[in-house]
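Have a look at the structure below, then the notes.
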Amino acid sequence: AKEVRGQAAAAEALEQTTQKGTTCEEGVVQVLQSWAQGLGIEVHHVGTDNQPGDVLLVVNDSNPNGTALRIVAEARDRQQPLGRMAISDTVSTAMAERSAAAAIYVSKTRHGLAKEIGEWAEGLAGQGRWVACTHEHLITAARFLVLQERLQAIRAAAPSVDAASIEAQTQRIRTTLGRIKTINTKVTELRGGADEI
């Protein structure tokens, strides 16, 4: 009984240290590695250097201009809920540290996210988009951010519509059709006059 109580006390003490975060990070790395296999996405566990940002995703084929998309994941296992502003500040720092364009804030449980966040929230920080979610929505968040960045790259690569030149071309076509109509009318009148003669 003393040994069981000792193990429980050791586990409880461990929950109050930074080691708790390490196991949460490792869980995020394992989930992302199993998802990224065969997709051409690199998963790097960078949180061992005790800097902001725990896991870095590098998506090499996400942008038509050849630059890789970098998404940083910040994994947390805490019982005090974090709100939108605190999460935005946390992921902004992580994105700046890891040169990332997007971020995922992953809470191990629902208790680590404020009521305003729920199990999923999206936001925009200085460096780019972010998603805050619980651990079970991690892959969905990664897919969502990759998709959003690809759509943004496609929109940027597509030429913009020049409405003024389209209107000018349309007006030229109308003028030409008007002239053809006039010519046809005059030819018909000429034929009618020739038939009468």
Query raised in the report: Taking the mean number of other Cβ atoms within 10 Å as a proxy for protection, how do you rank 41-52, 92-103, 179-190 from highest to lowest?
Result: 92-103, 41-52, 179-190
Query raised in the report: What does the accessible area per residue of the chain come to in Å², with a 1.4 Å probe and no ligands, DNA or RNA counted?
Result: 62
Query - Rounded to the nearest 20 debye, dipole of region 69-182 from Cβ charges on Lys, Arg, Asp, Glu - result: 560
Report summary line: To the nearest 10 degrees, the tilt of helix 84-98 (Cα long axis) against the first principal axis of the alpha carbons of the chain is 90
Query raised in the report: Which one, (i) 16.8, 53; (ii) 16.3, 48; (iii) 30.0, 126, gives Rg and Dmax of the Cα atoms in Å as derived from the coordinates shown?
Result: (iii)
Query raised in the report: Build a GNM of the chain with springs between Cα atoms under 10 Å: which of 126, 38, 112 gets the top mean-square fluctuation?
Result: 38
Report task. May I ask you to give the percent of accessible area on the chain that is carbon plus sulfur, with a probe radius of 1.4 Å? Result -> 54
Report summary line: Once the in-chain neighbours fewer than 8 apart are removed, the aspartates and glutamates whose Cα is under 17 Å from residue 115 read 77
Query raised in the report: For helix 19-36, what angle does its Cα long axis make with the longest principal axis of the chain, in degrees from 0 to 90 and rounded to 10?
Result: 40
Query raised in the report: In whole percent, what relative contact order does the chain give with Cα contacts below 8 Å and a gap of six or more residues?
Result: 15
Query - Size of charge dipole - the chain - debye, nearest 20, with Cβ of Lys, Arg +1 and Asp, Glu -1, no other charges - result: 600
Report summary line: Note on region 27-185, DSSP bridge orientation, antiparallel percent to nearest 5 equals 55
Report summary line: Charge dipole of the chain built from unit charges on the beta carbon (Lys, Arg +1; Asp, Glu -1), centred at mean Cα; most positive-end Cα among 52, 185, 158 is 185
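The values are calculated or read from the model by the stated rules, or taken from the named source; none is laboratory data. None of the values given here were measured: they were computed from a predicted structure. Cβ sites come from the backbone with ideal geometry, for glycine too, and all protein chains shown count toward neighbours. All accessible areas refer to the heavy atoms of the entire protein, side chains included, with ligands and DNA or RNA removed. Shrake-Rupley method; radii C 1.70, N 1.55, O 1.52, S 1.80 Å.
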